[in-house]
1. Subtracting the Cα-Cα distance from 0.36 nm times the residue separation, let me have the gained length for Ser88 to Ser11 in nm, one decimal.
2. Would you tally the net charge around Ala73, using a Cβ to Cβ cut-off of less than 13 Å, leaving Ala73 out, and scoring K and R as +1, D and E as -1?
3. Could you tell me which of Val65, His215, Asn53 has its Cα farthest along the dipole of the chain towards the positive end, charges placed at Cβ (Lys, Arg +1; Asp, Glu -1), taken about the Cα centre?
4. Points 7 angstrom from Cα along the Cβ direction at Glu218 and His155: gap in nanometres?
5. Rounded to the nearest 500 deg cm²/dmol, what is the calculated helix-only ellipticity per residue at 222 nm for the chain, with -39500 (n - 2.57) per DSSP H run of length n ≥ 4?
6. Would region 12-65 count as rounded, prolate or oblate if I go by the C-alpha gyration tensor, calling it rounded below 1.5 in a/c and otherwise prolate when a/b exceeds b/c, oblate otherwise?
7. Can you give the FRET efficiency for Gln25 and Tyr178, using 1/(1 + (r/R0)^6), R0 = 35 Å, r = Cβ-Cβ distance, to the nearest 0.05?
8. State whether region 1-121 is rounded, prolate or oblate according to the following rule on the C-alpha gyration tensor (a ≥ b ≥ c being the square roots of its eigenvalues): a/c under 1.5 gives rounded; otherwise a/b larger than b/c gives prolate, and the remaining case gives oblate.
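What follows is calculated from the coordinates using simple rules that are stated; it is not laboratory data. As the structure is a computational prediction, the values presented were derived from the model and not from experiment. For neighbour counting, all protein chains shown are included, and Cβ atoms are generated from backbone atoms with ideal geometry for every residue, glycine included.
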Amino acid sequence: MAHRQSRLPLSRERILQSALALADQSGIESLTMRKLGQQLGFEAMSLYNHVANKDDLLDGILDLVLAESDPPAADEDWETAIRQSAVSMHDALARHPWASPLLMAPGRIRPARLQYIEALLGRLRDAGFSAETTYTAYHVLDAHILGFSLWEASHTYSAIDVAEMTERFQSAFTSGAYPNLTEHAEQHRSEGAHRELSAFEYGLALILDGLRKIHRDER
């Protein structure tokens, strides 16, 4: 029998926080109304007094994840504001790896997501970028944030997974056929400056450097 929490009154906030914790611990596939009810100490049907259905539950926990990020600040220079916002969004998605695919699913456009898009577009336009550049810059920035987060979510491996992959590809590495890949694999297994640099922030810096040059040309 599942361990039950003390029977505190149910509320939408309590249900969503428990659902978020369950998704973080076991993955979004594990999140069912039955399991959530067991964790809270109530029958699943009791949850429907506070959440309309499973879709409402998923929307609710997405809102919690999005609330952990910040839109571009209006009182910072455009580059700092966009960098800080992008990092905060990436950090939130990294804390909840299941959220990136769900956020990209059809029908999951949340109000907080729309507010973020509006703020980013507005920050670019207010900085003096043309409508045409803003259109492209927004897509590049959004693709980097969400695309990198999706990539990270699909490249999360346990120690057992890493050991199995290493064994599977060992013969290819030792044959000398892939010297650059061998060097790269060794870097994954060793410490050094390359491990201290955030690949996400490195890519973000490249994008912002390019936008800074375009910004100078458009002014």
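1. Numbers: separation 77, 0.36 × 77 = 27.72 nm, distance 2.81 nm.
Length gained between Ser88 and Ser11: 24.9 nm.
2. My count for the surroundings of Ala73 gives -4.
3. Asn53
4. 3.0 nm
5. -22500 deg cm²/dmol
6. Verdict is oblate for region 12-65.
7. For Gln25 and Tyr178, the calculated efficiency is 0.40.
8. Details: a/c = 2.50, a/b = 2.37, b/c = 1.06.
Cα axes put region 1-121 in the prolate bin.
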